Amino acid sequence: MGAPGPLSLNTVTVKEKWGLAECIEGCARHGIPGISPWRDVLQAMGVEKAARAIRDAGLSVSGLCRGGMFPAADAAGRAAAIEDNRRAIAEAQAIGAACLVMVCGGLPPGSKDLDGARAMVRDGLHAIMEEARAAGVTIALEPLHPMTCADRSVLSTLGQALDLCDELGAGSGVALDVYHVWWDPALREQVARAGTRIAAFHVCDWLVPTTDTVFDRGLPGEGVIDIPGIRAAVEAQGYRGHTEVEILSRRWWAADPDEVLEEIGRRHASAC
């Protein structure tokens, strides 16, 4: 098995202590060639200022997190979500992001209509695809672990994501986060089906025991996910993009960000 692709830092990994400017400087300082901002820190810094700083630091942008969150209780809420996604497309274009990662959204408050929420996701994606294609921004659907179905994403498996990509056509792809898909018995089959539509590859680890199913991710090598094995399957389909480290962890958020980046760098070759 060859070495993993170039490293990228998802800014949520150090979100409690660093803004985007510090993340850009930290990546440059630690020799990390890629970055993937979340929209809150991008907007806080200013899109144009951030785009200049990223270019000046010589960083590639492996993705922008996140679009999506389409389901809403009424038509006005659904329309507002579509407009927000149009703004996200413009932001992704401005910073030269390889893709716009989609966390598609859960059930509207008070709803138990899962099929209806999935229909809202489908309709929302169709509404933005023409604009995304015109901007040259790949829409990368990220399936999330089923535990998040109610509140974060009704898109739970890579197979579901690829079914939507089949509908959406050109300009759509998938963001594969090992934390969310490692458990899927159909994973290898669906990775092969994805082929060149894999637009992003996110890594972290599943700890045993896990004390919080959202905010207790481990660094690569700390848990039970066969990250190199999944990466090999992804690369067998021709993926040559970044290996993006995305850690949502109260434990690591409390640590010194420079130490976190140093540890990520050490683990990149051995555990990714």
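The values are calculated or read from the model by the stated rules, or taken from the named source; none is laboratory data. Predicted, not measured: the structure shown is a model, and the values here were computed from it. Neighbour counts are summed over all protein chains in view; Cβ atoms, including those assigned to glycine, are modelled from backbone coordinates with ideal geometry. Heads up: the accessible areas ignore ligands, DNA and RNA and are worked out on the full protein's heavy atoms, side chains in. Shrake-Rupley method; radii C 1.70, N 1.55, O 1.52, S 1.80 Å.
Is there a residue in the range 102-125 that is within 29 Å of G34 (Cα to Cα), in a helix (DSSP H, G or I), acidic (D, E) and modelled with pLDDT of 95 or more? No, the range 102-125 contains no residue that is within 29 Å of G34 (Cα to Cα), in a helix (DSSP H, G or I), acidic (D, E) and modelled with pLDDT of 95 or more. Only residues that are loosely packed, with under 13 Cβ neighbours inside 10 Å and under 15 Å from C27 (Cα atoms): list them for the range 56-82, please. Once the filter is applied, which keeps residues that are loosely packed, with under 13 Cβ neighbours inside 10 Å and under 15 Å from C27 (Cα atoms), the range 56-82 yields D56, G58. Checked against the criteria, R240 does not count as in contact (Cβ under 8 Å) with a residue 60 or more places away in the chain, among the basic types (K, R), outside any strand (DSSP E or B) and buried (at least 16 other Cβ atoms within 10 Å of the Cβ).
Yes or no: T196 of a type in the set (S, T, N, Q), more than 21 Å from P146 (Cβ to Cβ) and in contact (Cβ under 8 Å) with a residue 40 or more places away in the chain? Considered against the rule, which asks whether it is of a type in the set (S, T, N, Q), more than 21 Å from P146 (Cβ to Cβ) and in contact (Cβ under 8 Å) with a residue 40 or more places away in the chain, T196 comes out as yes.
Counting only residues that are β-branched (V, I, T) and open to solvent by 40 Å² or more (accessible area, probe 1.4 Å), the range 15-46 holds 0 of them.
Can you work out which of the residues in the range 171-211 that are acidic (D, E) and within 19 Å of the chain's Cα centre (by Cα) is most open to solvent (accessible area, probe 1.4 Å)? My answer is D184. Among the residues making up the range 249-272, a single one is assigned to a loop (DSSP other than H, G, I, E, B) and open to solvent by less than 10 Å² (accessible area, probe 1.4 Å): C272. Within the range 212-228, being within 18 Å of the chain's Cα centre (by Cα), farther than 9 Å from Y179 by Cα and open to solvent by less than 40 Å² (accessible area, probe 1.4 Å) holds for V214, D216, G218, L219, P220, I227.
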